[in-house]
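The values are calculated or read from the model by the stated rules, or taken from the named source; none is laboratory data. A quick note: this is a predicted structure, and the numbers were derived from the prediction, not measured. Positions of Cβ are backbone-derived with ideal geometry, glycine not excepted, and every protein chain shown enters the neighbour counts. Protein only, heavy atoms only, side chains kept; ligands, DNA and RNA dropped before computing areas. Shrake-Rupley method; radii C 1.70, N 1.55, O 1.52, S 1.80 Å.
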Amino acid sequence: MTRRRLTRTLVATFLFLGTVLFIAAAARFAYPHFAPDSITYRVLIATYDYLKDMSLLIATGGVAYLSNVYQKRSSLIESLRQEWNEILRAKSAVFAFTHIDNPSQAQYVDTFCVVSETIDNMRVVYRNVGETPALIGLYPYAPLHDIRRALQTIDPRKAANPSEEQRKLVRDAMLQAFYALRETFLEELDLDEPTYPLLISSSRRSKKKGATGRARAYQAGQGRRRDKLPDRNSEVDAMLAELYEKEEAKLGALPK
């Protein structure tokens, strides 16, 4: 279930529930103002009693329906994440292939299969745009086919030993298509900005080396218990202790 469809479903559901509550409230507060033997009075009290009796069923049905809606949404998000991993794998495969001098036919076939699988896996995430029972529609993310077509221009079976310029052109076309795809494909994931972003280049950690006294005391206690254990291998212990001290000394010498 896409974000747009989810929003429409939630709006329709809450409008329905709001309407039911409004009718129930209006009937409850209006019927005392009419004569008990009037038709309006009987209609209002019957409406209120009916909605009161059905309230548990309406609430249960609403919860079940919304649970189903969010389950479908969760399934789509998971499928999108899997498809995005496939897209990244295809991008990396094409990028690596275009850096190979004199690529073989087997290397090309492996790369093409990765791209082809990524294109076909989109079928289980989205249907084609404008698809009907009589029309195929349009593939939802055309840049993936741009990547495929660019890759096919350096097929070793058609152009043996593609030059560096040809491979670079395919690589540039692939990156352009990928960046365009990334700009729209990830919008459906409802990504938020991080709470604690790290936005500066050449960043360094702000914490200094060390630990609390409680942690050091706990570490020392574990060391004392270890030294009392039988079947110690002094040679192994000495090697591990030396490696630990060297690493600690090296980390301590790093600039803070």
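Listing for the model above:
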{"quantity": "Cα-based shape type of the stretch 158-204, given that a ≥ b ≥ c are square roots of the gyration tensor eigenvalues and the cut on a/c is 1.5", "calculated": "oblate"}
{"quantity": "Kirkwood Rh, Cα atoms: Rg over Rh of the stretch 68-141", "calculated": "1.12"}
{"quantity": "The stretch 145-223 - Rg and Dmax from Cα coordinates, angstrom", "calculated": "25.0, 70"}
{"quantity": "Dipole magnitude of the chain, debye to nearest 20 (Cβ charges: Lys/Arg +1, Asp/Glu -1, about Cα centre)", "calculated": "880"}
{"quantity": "Share of carbon and sulfur in the accessible heavy-atom surface of the chain [1.4 Å probe, %]", "calculated": "58"}
{"quantity": "Within the chain, helix-based [θ] at 222 nm, where runs of 4 or more DSSP H residues each add -39,500 (n - 2.57), nearest 500", "calculated": "-23500 deg cm²/dmol"}
{"quantity": "Accessible surface, the chain, averaged per residue in Å² (probe 1.4 Å)", "calculated": "73"}
{"quantity": "Student exercise, the stretch 111-220 dipole from Lys, Arg, Asp, Glu Cβ charges, in Debye to nearest 20", "calculated": "1080"}
{"quantity": "Relative packing of peptides 135-145, 84-94, 235-245, 191-201 - highest average C-beta neighbours within 10 Å first", "calculated": "84-94, 135-145, 235-245, 191-201"}
{"quantity": "Total charge dipole magnitude, the stretch 1-125, about the Cα centre, Cβ charges on Lys, Arg, Asp, Glu only, Debye to nearest 20", "calculated": "460"}
{"quantity": "Simple spin-label estimate for Thr132 and Met54 in nanometres, 7 Å along Cα-Cβ", "calculated": "3.7"}
{"quantity": "Using θ = phi - 60° and Karplus 6.51 cos²θ - 1.76 cosθ + 1.60, couplings along the stretch 242-250 (whole Hz; Gly, Pro as x)", "calculated": "5, 5, 4, 5, 5, 5, 4, 5, 5"}
{"quantity": "Ordering of 212-221, 169-178 by burial proxy (mean other Cβ atoms within 10 Å per residue, highest first)", "calculated": "169-178, 212-221"}
{"quantity": "Dipole of the chain, positive direction: furthest Cα of Leu251, Ala12, Leu80, with charges on the beta-carbon", "calculated": "Leu251"}
{"quantity": "Residues in the stretch 62-84 that a label on Val124 would reach, taking backbone N under 15 Å of a point 7 Å out along Cα→Cβ", "calculated": "75-84"}
{"quantity": "Under the Karplus curve 6.51 cos²θ - 1.76 cosθ + 1.60, θ = phi - 60°, whole-Hz ³J(HN,Hα) for the stretch 129-145, x wherever Gly or Pro sits", "calculated": "6, x, 6, 9, x, 10, 10, 6, x, 10, 4, x, 9, 4, x, 5, 6"}
{"quantity": "Rg over Rh [alpha-carbon atoms, Kirkwood Rh] for the chain", "calculated": "1.24"}
{"quantity": "Modelled FRET efficiency - R0 45 Å, Thr19 with Arg89, Cβ distances, 0.05 increments", "calculated": "0.40"}
{"quantity": "Computed FRET value (nearest 0.05) for Ser203 with Ala160, which takes r as the C-beta separation and R₀ as 45 Å", "calculated": "0.45"}
{"quantity": "In sequence order, calculated HN-Hα J values of the stretch 45-57 (Karplus, 6.51, -1.76, 1.60; Hz; x Gly/Pro)", "calculated": "5, 5, 4, 5, 5, 5, 5, 5, 5, 8, 4, 5, 5"}
{"quantity": "Added length on full extension, which subtracts the Cα-Cα distance from 0.36 nm per residue, Ala26 to Leu191", "calculated": "55.2 nm"}
{"quantity": "Separation of the Ala46 and His99 label points, Cα + 7 Å toward Cβ, nm", "calculated": "7.8"}
{"quantity": "Positive-end residue, the stretch 1-156 charge dipole about Cα centroid, Cβ charges, pick of Ala24, Tyr126, Val43", "calculated": "Val43"}
